[in-house]
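See structure below.
The numbers here are math on the coordinates, done by the rules we state, and not lab data. Just so it is clear, the structure is predicted and the values come from calculations on it, not from any experiment. Here Cβ is always computed from backbone atoms with ideal geometry, including for glycine, and neighbour counts include all displayed protein chains.
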Amino acid sequence: MRNVKVAAAQLGPIQKADSRQAVVARMIDLMRQAEGCDLIVYPELALTTFFPRWYCEDRSDADIWFEREMPNAATRPLFEEAKRAAMAMSFGYAELTPDGYHFNTSILVDKSGKIVGKYRKVHLPGHDEFDPSGAISTSKSATSSPATSAFWCGACWAACSACASATTGAGRRRFACSACKVSRW
């Protein structure tokens, strides 16, 4: 049996005004603090403020929080740092596909900086209707079709497996990554 050293990287609050570059710099700082670990795990929607807490009449207003490619210009330094540190990583982000689908995506990146696993779920925590009192209910859930309303949904979790031999260096192993609701609510 081989031990795998894992770092849990809690980013803390990310403000609306924080740029992707600023958030990536924070993620890189946490990775450097975890030097010597085999894997660092960042939270769901790691690259942005936890935007599902805000209601939008027009869902396209929230598209600024979604990544259209991964890695991209803002996130590439994180992938390069993972390669330099020979550290695998997992993090979640909001993804907008070229065909217009919104996903809450979680990826597993190996020690060479390559994505080796991706899980897309259609649910993001949030609200399916506006509450003028400002009360936040985490129990609210919208049933949605991935083709029509993959954005406003309630709490859920799911996991996927990816072959991560390159991630841990431990030969052929199964490794789980998950996209789930975290305590950032």
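Below, the figures for the structure above:
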quantity	calculated
Least to most buried among TYR119, TYR42 (fewest other Cβ within 10 Å first)	TYR119, TYR42
Per-pair calculated FRET efficiency, R0 = 45 Å: MET1 and ALA22 via Cβ, rounded to 0.05	0.65
Virtual spin-label span in nm between ASP61 and LEU11, 7 Å along Cα→Cβ	2.2
Pairs from LYS5/LYS118; LYS5/LYS111; LYS83/LYS121; LYS5/LYS83 whose Cα-Cα separation, in the structure shown, is over 24 Å	LYS83/LYS121
Point-charge dipole on Cβ atoms (K/R +1, D/E -1) for segment 3-109, about Cα centre, debye to 20	380
Rg over Rh [alpha-carbon atoms, Kirkwood Rh] for segment 56-121	1.04
Cut-off 13 Å between beta-carbons: net charge of the residues surrounding LYS114, Lys and Arg +1, Asp and Glu -1	+2
Exposure proxy order (Cβ contacts within 10 Å, fewest to most) of SER90, SER19	SER19, SER90
